[in-house]
1. Taking N as the number of residues in the range A:1-136, what is its alpha-carbon radius of gyration divided by 2.2 N^0.38 Å?
2. With only Lys, Arg, Asp and Glu charged, each at its Cβ (+1 for the first two, -1 for the last two), find how big the charge dipole of the range A:1-64 is about the Cα centre; round to the nearest 20 debye.
3. Sorted from largest down, what three extents in whole angstroms do the Cα atoms of the range B:129-210 have along their principal axes?
4. Considering all alpha-carbon pairs of the range A:158-202, what whole percent are spaced by more than 11 angstrom?
5. Sort largest first and round to whole Å: the equivalent ellipsoid semi-axes of the range A:109-195, each the square root of five times a Cα gyration tensor eigenvalue.
6. Could you tell me the center-to-center distance, by alpha carbons, between the range A:9-45 and the range A:289-339 in angstrom?
7. Per DSSP H run of at least 4 residues, take -39500 (n - 2.57); add these up for chain B, divide by its residues and hand me the 222 nm value, nearest 500 deg cm²/dmol.
8. Post the alpha-carbon centroid distance, the range B:267-281 to the range B:29-65, in whole angstrom.
Amino acid sequence: MAGQDFPSFVGIRDMAERHRELISRRGRPVVGWFCSYTPLEIIDAAGLHPYRIVPEPGRAMTRADSYIDRNYCPYVRTILGEAMDGAYDFMDGLVVLNSCDPMRRLYDVWRYNLAGKFIHLLDLPRIETESAVAYYRECLLGLVAALEDRFRVTISDAALAQAIADRNRTRSLLRELYIANRESGHLPAAQLHGVVRASTLLPRDDFALVLERLLDEVKGAPVEFKEGPRLLITGSIMDNPQIVEFIEECDARVVGDDLCNGTRQFWYEIGPDTDPLAALSRHYLGRTPCPRMKDAQRRFDHVLRMVDDFRADGVVFYTLKFCDPFLFDVPLLKEQLEQRGIPSLLLEGDYTPGTLGRVRTRIEAFIEMLRQDVRTA
Amino acid sequence: MLGLLKAAFHPAVAHRVLRRPLTYELLGRLGKNAYSRQNKRAQGIWFDFTSREMKAALRRENLVVWANAFFPFELLHALGVSPVHPETIAALAARLGLSRQAISCAEAGGYSPDTCSFYRCATGLNMENLLPPPDLVISASYLCDGAVKFFHNIARYYGCDYFLLDVPYHDTENARKYLAGQLEELAGIIAARQGKRFNPDRLVEALELSNQARDYFVRTNELRRASPSPLSGDDAISYVLDMQFFGPGSRAGADFFKALYEEVKTNVDSGQGPVAPEKLRLLWLHYIRPYYPNEVLSYLEEAGASICFGEANYVYWEPLDVAKPFESLAARVLANPSGGPLERRADLALELAEKYRVDGVIHFSHWGCRQSCGGEYVIRDLMKKKGVPMLILDGDGADSRNYSREQTRLRLEAFLEMLEANK
């Protein structure tokens, strides 16, 4: 199911390949981030460039063996391995969130082995009560102060409000793109993934312009009905877009996702508030939840709603190995999907290409089963 | 005593026996007497305490509350609920040979073998209807991502409320206020469920009992500097730790630590200890050890190596201020060395290695424990710089399928040989 290459997609892909050059042209200090709860608006408002660290798949992880346990989050291990190889030396700082045990240990192990860089640990509540919102607002204020101090800048409320408005625009465009693509499937899912990925690398102004053009192109293209089972992916970080390609090579379609490096980053916009930090606090604690949050049902409801909205015939759970929050969700969400007659498949990745063969076989079997289900229905 | 229990509880009959309150009443009495006769009064108190809590929960005498090991139990004792601590039950099930079946049951239900075996075991025991159903489920959010999720799933299973104590990362004034506020809110919620008003006097009483326990525990830990080590590592990382988690705030908790102090003092005064002559002294890093039948600790002891201290037994909190009960409980939680940045845990490990004059350190890397395994190499490196060898021992606390007797023995043997050569 090779979609046509829209000129703007080609543009985004080229820009993503040259992202380092584009970033340096803007001349803003680069702040690396990992977790999709990172309040990018604060980094924007400081005049810094937020850059999401998501290593490419297939890099050797053995480099990490001397620094962290082998049976550990493969995302964290790959990052550490790459960091030790100097892959992130071009960054001027890092913001790590206390999202889960592996993330906080990434913060520790990084600091121990690569001292010297500015690195800020931002706490992150797991609940969304009013007192949690107030507490998290204080934590955000701590990040503001740390960035101001390190980069000798002032982060004004006006700059925060502007950053929120700008990011909201990107969020709504990305969401529109998903919705526009939902029926037509003009953009293969791996390309859509590439667009979202580019949004986390490129200078926001450069990206926003091309994104608007891409959206127009996708909306303007003639709609063709495509057969085959429709799948939704829910999971942690998608390390390897090849998995999405496998699915589409089997003549199924990935119509939507609930991934850490997919829609979870942008699905909802930040609500209005006269106090921008309060707006950010409320938004991030209340956004589409990661399995780390207390209220798992809110996440399940979101996935179920996406299954309906995107008319998915099946769900793929995709997780990197050793992701406890996600793994504990699987039995419950699987059951809720089954109650609605939606079959699901659990796939685990580990950031190496070694597992791809097995994954491919399982995807093929799952899609074959779905196809039979669709036929008998 | 546990051996006797094991013989009586063939898995086939366990279902019937374990669900009966009477079982725990009898066990409590038998255990207390049996342990007293062996001069193990503290262990007897623990046994009686744990049995009584199980009996009360099964009889549903009070509101049944499931809570995790890192929650400040003083609050629950003050409220007079019947606490259930699944981590203890999973460890006991492992000891009694019941964990394998339970773990298989959880895995068949979709729980990944990569998650912590204590929670898989407790999930399985629950699926087999062996545990008292909760009225309310509580967990503290720090140190273990798995706990946040396991307790959530239990609450869902029973359709009851789930309260997550959201523990901040940094110990700041704001963090204490936020945490204390949650504890106070929870006290109100539980009292309302019990149909009564929250009684602050009961909390003051619980805090005083906790302080009594703490005082004896600090003194016991001081005594553990003696050589030969006066308390076995096996005891210290099983029932002592259990009482440290779940006893504070109860009368039994205070009695337990007093009795423990007296036992340890008697040993120090008479120069006795479980490992004599003591050839090597070791520090144990992690909250747990293997609880199913295994040879790890017995092998070390037979080789003349004592686990003279474990980080888990360290008293990291200040005495609780009865004038500010919620704030001081919050401060206690935030002081946990495994919370916050790794320096806290690493610095403590280095301090303990020096204080207890250890020859080596064993980091028990429990399968599925992310906070602990994530920092082990850094700690090993820091120890190395101080000239203290550290062994990273991969293993599993509750799932015996991850235990290889030969491999473990080989690694321990090599480590002890190296330590002896260093002496």
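1. So the range A:1-136 has a normalised radius of gyration of 1.19.
2. Working: 9 positive and 7 negative charges, 54 e Å.
About 260 debye.
3. Ordered largest first, the range B:129-210 gives principal extents of 39, 33, 22 Å.
4. Working: 685 of 990 pairs.
I get 69 percent for the Cα pairs in the range A:158-202 exceeding 11 Å.
5. Working: eigenvalues 214, 77, 53 Å².
Ellipsoid semi-axes (Å, largest first): 33, 20, 16.
6. If we compute the Cα centre of each part, the gap is 29 Å.
7. On the way: 19 runs with 236 residues, N = 423.
Calculated mean residue ellipticity at 222 nm is -17500 deg cm²/dmol.
8. The distance from the Cα centre of the range B:267-281 to that of the range B:29-65 comes to 29 Å.
Here, each number is a calculation from the coordinates, and none is a lab measurement. Since the model is a prediction, treat every value here as computed from it, not as a measurement. Because the Cβ atoms are built from the backbone with ideal geometry, glycine has one as well, and the counts that use them run over all protein chains shown.
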